1. Neighbour counts of other C-beta atoms within 10 Å: give me D46, D141, D101, D195 arranged from fewest to most.
2. Under a 5 Å amide H to amide H cut-off, with H placed in plane at 1.01 Å, what residues pair with S74 once short-range neighbours are removed?
3. Taking only the Cα atoms of region 207-276, how large is their convex hull per residue, in Å³?
4. Determine ³J(HN,Hα), in whole Hz, for all residues of region 70-81 in sequence, where each value follows from phi through the Karplus function 6.51 cos²θ - 1.76 cosθ + 1.60 and θ = phi - 60°; x replaces Gly and Pro.
5. For A243 paired with A281, estimate the spin-label separation in nm (one decimal), with each label point 7 Å from Cα along the Cα-to-Cβ line.
6. Stretched out fully, how many nm does the piece from S211 to A90 gain, at 0.36 nm a residue minus the Cα gap?
7. Please list, in chain and number order, the residues 5+ apart from H93 or on another chain whose amide H is under 5 Å from its amide H, with Hs placed from the backbone.
8. Using Cα springs under 10 Å in a Gaussian network model of the chain, which residue among S61, S73, S182 shows the largest mean-square fluctuation?
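Read the figures in this text as sums done on the coordinates, not as results from a lab. Treat the numbers as computed from the prediction; the structure is a model and nothing was measured. Here the Cβ positions follow ideal geometry from the backbone for every residue, glycine too, while neighbour counts run over all protein chains shown.
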Amino acid sequence: MDDPSLLTCGACTKIQVSVVIPASTRREGLLHTLSVIHACTPAPDDVCVHVDGADPGILESIERFWPEVRIFSSPERLGPGGARHLLINAALHEIVVSFDDDSFPADPSFFSRVEWVFRFHPEATMLAAATSPAKGTPPSDCPIRVAEFEGCGCVYRKSAYQKLPGYVPRRVAYGMEELDLSLQLYQHGGIILYDSKLPVIHLSASPDRHSCQERAEMVVNAGLLPFLRYPCWLTPLMFWHVATRMRWEISHGTLAAALLGMLLLPCRLFALRRFRQPASASAVLGWHRLRKLERRRST
């Protein structure tokens, strides 16, 4: 059998799974995530962690408590997207489950469900887990197609990911990285399935934790997505996206973040211009139609 992620044993075939976790400074959260993952039945076959900034305390803790975990690190900050890009490419198996260092499966049979979905839905390019708080999509016994996902709980087909431009290394990527990859997948004919029976607990799900600088970078991210992925004649929409995000920040009492984000936007776009690979106009518009359909379905 050509796929190295499949092991044949008698009449049954087991799908092997890798887990990838980008980590930064949350040592206790990461150790708890690793303990929950290893307690699942079955447990994953391969676990990889990337420590952004190469924090020696976190590196030592992983080596001490979970020596079987493969560790990657970088002195420079890659951000969650850059770390995921590295980890997905380093994963040993075709099916790659992604968590954050503060998210973990809510059900010990999580990986059994992942295997079941990929076995009975071979059309799936990616799975979106039911994160906490819930995604807003009505519960369903069967996975349903969606336009986007959340990186704190999702599952990739490695071979499909490697055909895409992939994640952009950006330290503060909130509001951009998942949308960017979702659009890339749509452009390449990928299908994201949301499964309400893949529950994931995310401990830092509140937006109130963000600093002024992080909120400013989120204003930048509102313009970065259309700059990187929209064709030239649609890039003016960048200003509408940025204005919408600025209005949101102002309405929530963070005028300073809105203004700072606007000031940072030109230099951030210039620095990341090498990552620009526009999708077709039909893909951009089709993806937005799917997002609108998804929002209507959840109301």
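1. The fewest-first ordering by Cβ neighbours comes to D141, D46, D195, D101.
2. Long-range HN contacts for S74: V51, G53, A54.
3. Considering the Cα atoms of region 207-276, their hull volume per residue is 78 Å³.
4. Couplings: 7, 10, 10, 8, 8, x, 7, 8, 8, x, x, x Hz.
5. So the label points at A243 and A281 sit 2.1 nm apart.
6. Working it through step by step, the gained length comes to 40.4 nm.
7. The answer is S18.
8. Looking only at S61, S73, S182, the biggest GNM fluctuation is shown by S61.
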